[in-house]
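K.L.:
This is the structure, below, for whatever I ask next.
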Amino acid sequence: MRRPRGDLGSRPPRPTEGAACAGPGEPWSPSPNSMLRVLLAAQASAAQLTGLLLFPPIQPFCLGPSKWGDRPPGGGPHAGPVQGLQRLLEQARSPGELVRWLGQNPTKVHAHHYPVALRRLGQLLGSQPRPPPVEQTSLQDLSQLIIRNCPSFDIHTIHVCLHLAVLLGFPSDAPLVCVLERERRARLPPKPPPPLQPVLRGGQRLEAALSCPHFQRHPQQHLIRSLAEARPEELTPHVMVLLAQHLARHRLREPQLLEAIAHFLVVQEAQLSSKVVQKLVLPFGRLNYFPREQQFMPCLERILAREAGMAPLATVNILMSLCQLRCLPFRALQFVFSPGFINHINGTPHALIVRRYLSLLDTAVELELPGYQGPRLPRKQKVPIFPQPLTTDRARRKYSHKDIVAEGLRQLLGEEKYRQDLTVPPGYCTDFLLCVSSSGAVLPVRTQDPFLPYPPRPRPQARAASQPVTQDPAQRVVLMLQERWHFCRDSRVLLGSRALRERHLGLLGYQLLPPQPCS
């Protein structure tokens, strides 16, 4: 009994050049060689054909499940016919033969057979130097077969078919490419809808921006706009504290924002505790900015008088910020230097830091407040103010120019003629200290006492207040290293702590290089 011609149970006879073969649903008339036209009306370039030839062979059953229920090789009734059809497609000698095997055996065709057919088509087109054009009917038939069965393909099969179709030269608006691309998108997991963003008003936007860890460091205009749009009831102490901390942390000396904080402090004076006030006042001292708000100092004096005994550390922190601004209230100083306050803080966990701040305040009284007549810090309670480089300098040591300057001094002067990171009374750490004679010669430090006396010796009335008298004719010169983080951002204004140190060293009699700017 003879089997039908398209049945895969027997090996079919090889077609000859002039033989006709049956197509999908209609008789086949052209010869196989007349099928070598590039897809639709496009011509395949050499690079596209090379890509097809280099594309790896499609392995059976590696493309995932399909609606035909693929079974692993070697098992099930379909294993033999499925592998046989793949071999026939891989050995096809013309595009017409490819279409014939796919069209005459619909029950034997699985999803992964279509990438095999597309790849073989590319090999056939690339096997001849100048392939003759392929009849559009063959390509349309192959495209329609893929389009018809595309909904049953898995995502990997769709990707492979789409890649091969592009390599074969199908234009982006061809029906085959459009259907494959639509099916590819349909297989993608759905994107979750973006979360609904709440509508934030001025104060809420300001708080949200300041609370974001990835907030930019140059947001002045955004902050000013949010602050201007906020209603008075939206500017809570929490929001204003966040703003103050942000300005201080990033050294942003923005007058409009600082004035807003000062105005808030004055308006909300009755509702603010000293623990909140210390955070609001922090950026003014750190950024060396005295606000134009006329009630700023009277307001702080009233708050200190009201709350000084309730929060000792907060009280001293407020005075430290005012010390950097050179506006210490006498009444508050008399309270913190009183025996009762000192005895109270000695038994607290933060006793050392409070004593250090009190020592600095006592130095400020000695050097800057000649009219003060109240109590002072007892000598036994004093500690070095800044016995080592400031925290910021230590944290950024690897970015500092200090080692370069030290090497230059060593080569120019020698190691015996300068001292680095020397702490001078009452406890200020200097970058570099040199002793210079009246003739301008640099003297070895070991032959001179590098320290000037503290407290400074009384000076005659005719001498300037900033030039204390010393018995030693040698002048002590402090070479000040000014790094970019010693200044407010985008400004030549020194930070409050640096300006305070340089101001006090100058009042002690040290010559500063570069010279301290007049303020």
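The values are calculated or read from the model by the stated rules, or taken from the named source; none is laboratory data. Just so you know, these numbers come straight off a predicted model, no measurement behind them. For neighbour counting, all protein chains shown are included, and Cβ atoms are generated from backbone atoms with ideal geometry for every residue, glycine included. Note: accessible area is taken over every heavy atom of the protein model, side chains too, but ligands, DNA and RNA are not part of it. Shrake-Rupley method; radii C 1.70, N 1.55, O 1.52, S 1.80 Å.
K.L.:
Residue by residue through segment 498-510, note down the ones that are in a helix (DSSP H, G or I) and either open to solvent by 10 Å² or more (accessible area, probe 1.4 Å) or of a type in the set (D, E, K, R) (or both). Quick ask: steps written out before the conclusion?
P.N.:
Here is the first cut: in segment 498-510, the residues in a helix (DSSP H, G or I) are 498-508.
The answer is ARG498, ALA499, ARG501, GLU502, ARG503, GLY506, LEU507.
K.L.:
Considering only segment 219-265, state which residues are part of a helix (DSSP H, G or I) and small (Gly, Ala, Ser). Steps first, answer last, please.
P.N.:
Step one: filter segment 219-265 for residues part of a helix (DSSP H, G or I), giving 220-229, 232-234, 237-249, 255-265.
The answer is SER226, ALA228, ALA244, ALA248, ALA260, ALA262.
K.L.:
Taking the condition β-branched (Val, Ile, Thr), surrounded by 15 or more Cβ atoms within 10 Å (Cβ to Cβ) and under 21 Å from GLY309 (Cα atoms), does VAL354 pass?
P.N.:
Working: β-branched (Val, Ile, Thr): yes; surrounded by 15 or more Cβ atoms within 10 Å (Cβ to Cβ): yes; under 21 Å from GLY309 (Cα atoms): yes.
So VAL354 fits the description; yes.
K.L.:
Right, something else. Which residues, taken from segment 280-307, are more than 15 Å from GLU269 (Cβ to Cβ) and among the small types (Gly, Ala, Ser)?
P.N.:
Going through segment 280-307, the residues more than 15 Å from GLU269 (Cβ to Cβ) turn out to be 282-290, 292.
Residue satisfying the conditions is GLY285 alone.
K.L.:
Being surrounded by 12 or more Cβ atoms within 10 Å (Cβ to Cβ), at pLDDT below 90 and more than 20 Å from LEU495 (Cα to Cα): is that true of PRO389 here?
P.N.:
Numbers: surrounded by 12 or more Cβ atoms within 10 Å (Cβ to Cβ): yes; at pLDDT below 90: yes; more than 20 Å from LEU495 (Cα to Cα): no.
In short, no.
K.L.:
Still on this model: Which of the residues that make up segment 479-497 are of a type in the set (D, E, K, R), in contact (Cβ under 8 Å) with a residue 24 or more places away in the chain and either closer than 14 Å to HIS401 by Cβ or in a helix (DSSP H, G or I) (or both)?
P.N.:
GLU483 - this is the single residue of segment 479-497 that is of a type in the set (D, E, K, R), in contact (Cβ under 8 Å) with a residue 24 or more places away in the chain and either closer than 14 Å to HIS401 by Cβ or in a helix (DSSP H, G or I) (or both).
K.L.:
For segment 334-346, enumerate the residues that are open to solvent by 70 Å² or more (accessible area, probe 1.4 Å) and over 21 Å from ILE303 (Cβ atoms). Show your work before the answer.
P.N.:
Restricting attention to segment 334-346, the residues satisfying the condition of being open to solvent by 70 Å² or more (accessible area, probe 1.4 Å) are 334-335, 339, 343-344.
Within segment 334-346, PRO339, ASN343 meet the criteria.
K.L.:
Scan segment 342-356 and give yes if some residue there is closer than 24 Å to PRO456 by Cβ, polar (S, T, N, Q) and in contact (Cβ under 8 Å) with a residue 24 or more places away in the chain, otherwise no. Steps first, please.
P.N.:
We begin by selecting, within segment 342-356, every residue closer than 24 Å to PRO456 by Cβ; these are 355-356.
Subsequent filtering for residues that are polar (S, T, N, Q) retains none.
No: segment 342-356 contains no residue that is closer than 24 Å to PRO456 by Cβ, polar (S, T, N, Q) and in contact (Cβ under 8 Å) with a residue 24 or more places away in the chain.
K.L.:
With GLN411, GLN381 as the choices, which residue is among the polar types (S, T, N, Q), loosely packed, with under 14 Cβ neighbours inside 10 Å and over 34 Å from the mean Cα position of the chain (by Cα)?
P.N.:
Exactly one of GLN411, GLN381 is among the polar types (S, T, N, Q), loosely packed, with under 14 Cβ neighbours inside 10 Å and over 34 Å from the mean Cα position of the chain (by Cα), namely GLN411.
K.L.:
Which condition does ARG331 not pass, out of (1) part of a helix (DSSP H, G or I); (2) open to solvent by less than 90 Å² (accessible area, probe 1.4 Å); (3) in contact with a helix residue (DSSP H, G or I) (Cβ under 8 Å, 6 or more places away or on another chain), if it passes all the others?
P.N.:
(2)
K.L.:
Can you name the number of the only condition in (1) assigned to a helix (DSSP H, G or I); (2) under 42 Å from the mean Cα position of the chain (by Cα) that LEU433 fails?
P.N.:
(1)
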